[in-house]
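Engineer: Take a look at the following structure, please.
The values are calculated or read from the model by the stated rules, or taken from the named source; none is laboratory data. Computed from a predicted structure; not experimentally measured. Because the Cβ atoms are built from the backbone with ideal geometry, glycine has one as well, and the counts that use them run over all protein chains shown. Just so you know, the surface numbers come from the protein's heavy atoms only, side chains and all, with ligands and any DNA or RNA stripped out. Shrake-Rupley method; radii C 1.70, N 1.55, O 1.52, S 1.80 Å.
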Amino acid sequence: MAWLAFRDRLSTGDRMRSWGIEQCCMFCGEKNETRDHLFFACPYSFTVWTNTAKRLLGGAITPDRTDTVASLMLPARTRHDHVLKMMVFQTVFYSVWKERNSRRHGGVWVTTEKITRTIDKQIRNRISSLRYVKNHPLEGLMRRWFEVS
Ligand SMILES: [Zn+2]
């Protein structure tokens, strides 16, 4: 799903408009729901990005897709940070898309605080599911996540 979002292949408002369907942003009401707005520039998504990755990415998170993706793609300081950046990238994209679709289909509206807690839990669960053998290169990933989350 994150790959489809990255390639701008999801059925966001701007793509649906070409099929004759109007779709505004389900978070803020912006008339033109584009991928860049939905996942980066929207105040809702930007707050989720900031809450989730501010300490990991520092000041590199901006409402501009190009800047945020560039900072995600830069080599990380350590292998742990690289893995965490990819986990954050996938989990934030998935969670924002899932919340957008839930709202679109009449589901409960989740706050940025709650979605941030859910993302944190999903990343912790993902790290916990990785059963490392002793001296594995990613041993200590959870400790690093606690440091940056
Ligand atoms: Zn919006």
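Engineer: Of everything in segment 60-72 that's polar (S, T, N, Q) and buried (at least 16 other Cβ atoms within 10 Å of the Cβ), which residue is modelled with the highest pLDDT? Even if it seems obvious, please write down each step before you answer.
Structural biologist: Kept after step one, since they are polar (S, T, N, Q), are these residues of segment 60-72: 62, 66, 68, 71.
If we keep only those that are buried (at least 16 other Cβ atoms within 10 Å of the Cβ) too, we end up with 62, 68, 71.
Details: THR62: 85, THR68: 80, SER71: 80.
Applying the filter and picking the extreme gives THR62.
Engineer: Looking at (1) out of contact with any Leu (no Cβ under 8 Å at 6 or more places or on another chain); (2) over 16 Å from MET142 (Cβ atoms); (3) modelled with pLDDT of 90 or more; (4) open to solvent by 20 Å² or more (accessible area, probe 1.4 Å), can you tell me which one GLN122 breaks?
Structural biologist: (2)
Engineer: Quick check: anything in segment 29-52 open to solvent by less than 30 Å² (accessible area, probe 1.4 Å), more than 16 Å from the ligand (Cβ to nearest atom) and in contact with a helix residue (DSSP H, G or I) (Cβ under 9 Å, 6 or more places away or on another chain)?
Structural biologist: Within segment 29-52, one or more residues are open to solvent by less than 30 Å² (accessible area, probe 1.4 Å), more than 16 Å from the ligand (Cβ to nearest atom) and in contact with a helix residue (DSSP H, G or I) (Cβ under 9 Å, 6 or more places away or on another chain).
Engineer: Another question, then. Take PHE40 and decide whether it is hydrophobic (A, V, I, L, M, F, W, C) and modelled with pLDDT of 85 or more. Break it down stepwise before answering.
Structural biologist: Details: hydrophobic (A, V, I, L, M, F, W, C): yes; modelled with pLDDT of 85 or more: yes.
Judged against the criteria, PHE40 is a match.
Engineer: Also: Name the residues in segment 21-41 that are touching a Pro at 6+ places or on another chain (Cβ under 8 Å) and not in a helix (DSSP H, G or I), would you? Even if it seems obvious, please write down each step before you answer.
Structural biologist: Within segment 21-41, the first condition is being touching a Pro at 6+ places or on another chain (Cβ under 8 Å), and the residues that meet it are 27-28, 40-41.
Residues satisfying the conditions are PHE27, CYS28.
Yes or no, residue by residue, for (1) in contact with a strand residue (DSSP E or B) (Cβ under 6 Å, 6 or more places away or on another chain); (2) open to solvent by 40 Å² or more (accessible area, probe 1.4 Å); (3) more than 13 Å from SER45 (Cα to Cα):
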{"residue": "LEU74", "(1), (2), (3)": "no, yes, yes"}
{"residue": "HIS82", "(1), (2), (3)": "no, yes, yes"}
{"residue": "MET87", "(1), (2), (3)": "no, no, yes"}
{"residue": "THR91", "(1), (2), (3)": "no, no, no"}
{"residue": "SER95", "(1), (2), (3)": "no, no, no"}
{"residue": "HIS105", "(1), (2), (3)": "no, yes, yes"}
{"residue": "GLU113", "(1), (2), (3)": "no, yes, no"}
{"residue": "SER128", "(1), (2), (3)": "no, yes, yes"}
